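Notes to accompany the following structure.
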Amino acid sequence: MKPERIPPLHVVTDDAVIARPDFVERAGAVLEAGGPELVFHLRAPTAPGRRVFDLARALVPLAIDAESWLVVNDRVDVALAAADGAHVGARGPAPGDARRLLGPGRLLGVSVHSADEAREALEGEPDFLFAGSIWATPSHSERAPAGTGLIGES
């Protein structure tokens, strides 16, 4: 069941973070610290689906205990099996397709990189948008940073 309001804190992992042998333990500490104000994004763009699923299953009880929210980035199938929702971007399904798969009771976030993408994403009825990249980031090194003006445009 979705929260009445989207929590303001979002933590996003990457392949290097999930590769740590103590990832689940550290993720548990983050979930506990954030509590109901946190959406934890399990993001692992190059990890096999089975690895993402296993991590999601390990995080579910920790998220429940912390009253946090767990979303899986770019893997709606894993989100359906083991999370509170999904976050999609260029690597995942279109927002409308993701919403149809998830149904209305799960969280859906969408990454956007322009005002046009934001308007298009809204047709999929997401619960929140991530606008970026605002600053240079290693996870999107091919994309020039848009700067804070993107937020105003979106």
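Taking amide H as placed 1.01 Å from N in the peptide plane, the amide H of His10 sits under 5 Å from that of Val39, each at least 5 places away or on another chain. Computed in the context of the full set of protein chains, the accessible area of region 61-154 at 1.4 Å probe radius has 54% of its extent on carbon or sulfur. Backbone amide hydrogens, once placed in the peptide plane, bring Asp74 within less than 5 Å of His87, Val88, Gly89, excluding anything fewer than 5 places away on its chain.
Comparing Asp14, Asp127, Asp54 in a Gaussian network model of the chain (Cα springs below 10 Å), the most mobile by mean-square fluctuation is Asp54. Among the chymotrypsin sites (Phe, Trp or Tyr not before Pro) in region 67-154, those located in a DSSP loop and surrounded by at most 13 other Cβ atoms within 10 Å of their own Cβ are Trp135. Using C-alpha pairs under 8 Å with a sequence gap of at least 6, the mean separation divided by the residue count of the chain gives a relative contact order of 16 percent. A probe of 1.4 angstrom, applied to the heavy atoms of all protein chains, finds Leu101 with accessible area near 100 square angstrom. Put one equal scatterer on each alpha carbon of region 12-142, apply the Debye formula with no solvent term, and list log10 I(q)/I(0) at q = 0.20 1/Å to two decimals. Debye curve over Cα of region 12-142, log10 I(q)/I(0) at q = 0.20 Å⁻¹: -1.20.
Annotation for region 1-75: trypsin sites (Lys or Arg not before Pro) lying in DSSP loop with at most 13 further Cβ atoms inside 10 Å of their Cβ are Arg5.
Comparing Ser114, Ser141, Ser133 in a Gaussian network model of the chain (Cα springs below 10 Å), the most mobile by mean-square fluctuation is Ser141. Here's the picture: a label point sits 7 Å out from the Cα of Trp135 along the beta-carbon direction, and within region 19-53 nothing has its amide nitrogen under 17 Å of it.
Return the whole-Å distance between the Cα centroid of region 71-122 and the Cα centroid of region 29-46. Here the two parts' Cα centres lie 17 Å apart.
The values are calculated or read from the model by the stated rules, or taken from the named source; none is laboratory data. It should be emphasised that the depicted structure is a prediction, and the values quoted were computed from it without experimental measurement. Glycine also receives a Cβ, built like all others from the backbone with ideal geometry; neighbour counts cover every protein chain displayed. Remember, those area values only see protein heavy atoms, side chains included, never the ligands or the DNA or RNA. Shrake-Rupley method; radii C 1.70, N 1.55, O 1.52, S 1.80 Å.
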